[in-house]
Structure formats: structure tokens, C-alpha cells
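Here is the structure we will look at, set down as C-alpha cells.
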Amino acid sequence: RWGRGLGLVEVLLGRDSVANVPNGAIGVVFYLLQGLLGRRGGRGTGGPGGGGGRPAAVLLGTSVTSAVASLWLAGVLAFGLHDFCLVCITTYLLNLLLLALNWRRWRRLRHLKTA
């Protein structure tokens, strides 16, 4: 149950909901987005309107979401399943590291914008 929709979608929308996708699929989309946007998230202003900050903001927002999901799944792993998974813990730490990096990038771009 915990391997799909973070274990929450089934409870809220039902087991057969189209939103009840495997956690791994969510992760693949997240890491692809991080990789693709990470290449442009820190470059310049992106022309009129300061578009360079948009990728950084999306990276930060998705990182916050992944960190919250990681904390949830770590709690499920430790307190619900009473288990230890080295791959899971490593993934959670990677998500927290991405959050720190994206937070730093976002703050740097905001500082450049106000300077």
C-alpha cells in the first residue's frame, strides 16, 4: 500500500484512482525535472520579466514537496513498518540535499535580482 501514492491516495481517492501511481514513477518525474531545470535554474535573468528565477522557484517548490514526502515515508518506514531500508534512507537524504541546494540557488538569484 505504501508503495503507491505515498500510501495516501488510496485512502483519499481509492485504490483504482488514476492518481494512485507508484512512488517510483513520481520519483522519476521529480528527478528528471530536477536534472532538466537544474541546468537552467541559475542562469541569468532569462530576458524581460526575470524569467531565470522561474526555474529556480519550480526547483525549490518541488524540492520542498519531495522533502515533505520523504519525511512522511521515513515516518512510515520507521514507525509504521518498523523497518530500515538503506536505499530509502539514502533517497530521503538526497532529497534533503536537493532542497538545500535549491534553497541556496533560489536565495542567490533573489539576492542578484535585488542588487
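The values are calculated or read from the model by the stated rules, or taken from the named source; none is laboratory data. Quantities reported herein were computed from a predicted structural model and do not represent experimental measurements. No Cβ is skipped: glycine too gets one built from the backbone with ideal geometry, and neighbour counts run over all protein chains shown. Calculation scope for accessible area: heavy atoms of the full protein, side chains included, ligands and nucleic acids excluded. Shrake-Rupley method; radii C 1.70, N 1.55, O 1.52, S 1.80 Å.
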Any residue in the range 91-111 that is under 18 Å from GLY35 (Cβ atoms), basic (Lys, Arg) and surrounded by 15 or more Cβ atoms within 10 Å (Cβ to Cβ)? yes
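Do we have LEU59 as modelled with pLDDT of 95 or more, farther than 30 Å from THR114 by Cα, of a type outside the set (Ser, Thr, Tyr) and buried (at least 17 other Cβ atoms within 10 Å of the Cβ) here?
On the way: modelled with pLDDT of 95 or more: yes; farther than 30 Å from THR114 by Cα: no; of a type outside the set (Ser, Thr, Tyr): yes; buried (at least 17 other Cβ atoms within 10 Å of the Cβ): yes.
Considered against the rule, which asks whether it is modelled with pLDDT of 95 or more, farther than 30 Å from THR114 by Cα, of a type outside the set (Ser, Thr, Tyr) and buried (at least 17 other Cβ atoms within 10 Å of the Cβ), LEU59 comes out as no.
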Enumeration of residues in the range 56-66 that are in contact with a Leu (Cβ under 7 Å, 6 or more places away or on another chain) and farther than 13 Å from TYR31 by Cα: ALA56, VAL64
Keeping to the range 10-24, report how many residues are within 19 Å of ALA67 (Cβ to Cβ) and out of contact with any helix residue (DSSP H, G or I) (no Cβ under 7 Å at 6 or more places or on another chain). 1
Residue among VAL21, VAL76 that alone is in contact with a strand residue (DSSP E or B) (Cβ under 8 Å, 6 or more places away or on another chain), within 16 Å of GLY7 (Cα to Cα), modelled with pLDDT of 95 or more and open to solvent by less than 70 Å² (accessible area, probe 1.4 Å): VAL21
Under the condition of being farther than 18 Å from ALA67 by Cβ and not aliphatic (A, V, I, L, M), which residue from the range 25-41 is surrounded by the most Cβ atoms within 10 Å (Cβ to Cβ)? ARG40
Which pairs have Cβ atoms under 8 Å, sit 6 or more apart or on different chains, and link a residue in the range 72-97 that is more than 15 Å from PHE30 (Cβ to Cβ) to one that is among the hydroxyl-bearing types (Ser, Thr, Tyr)? ALA74/TYR92
Lone unmet requirement of (1) out of contact with any Ser or Thr (no Cβ under 8 Å at 6 or more places or on another chain); (2) at pLDDT 95 or above for PRO48: (2)
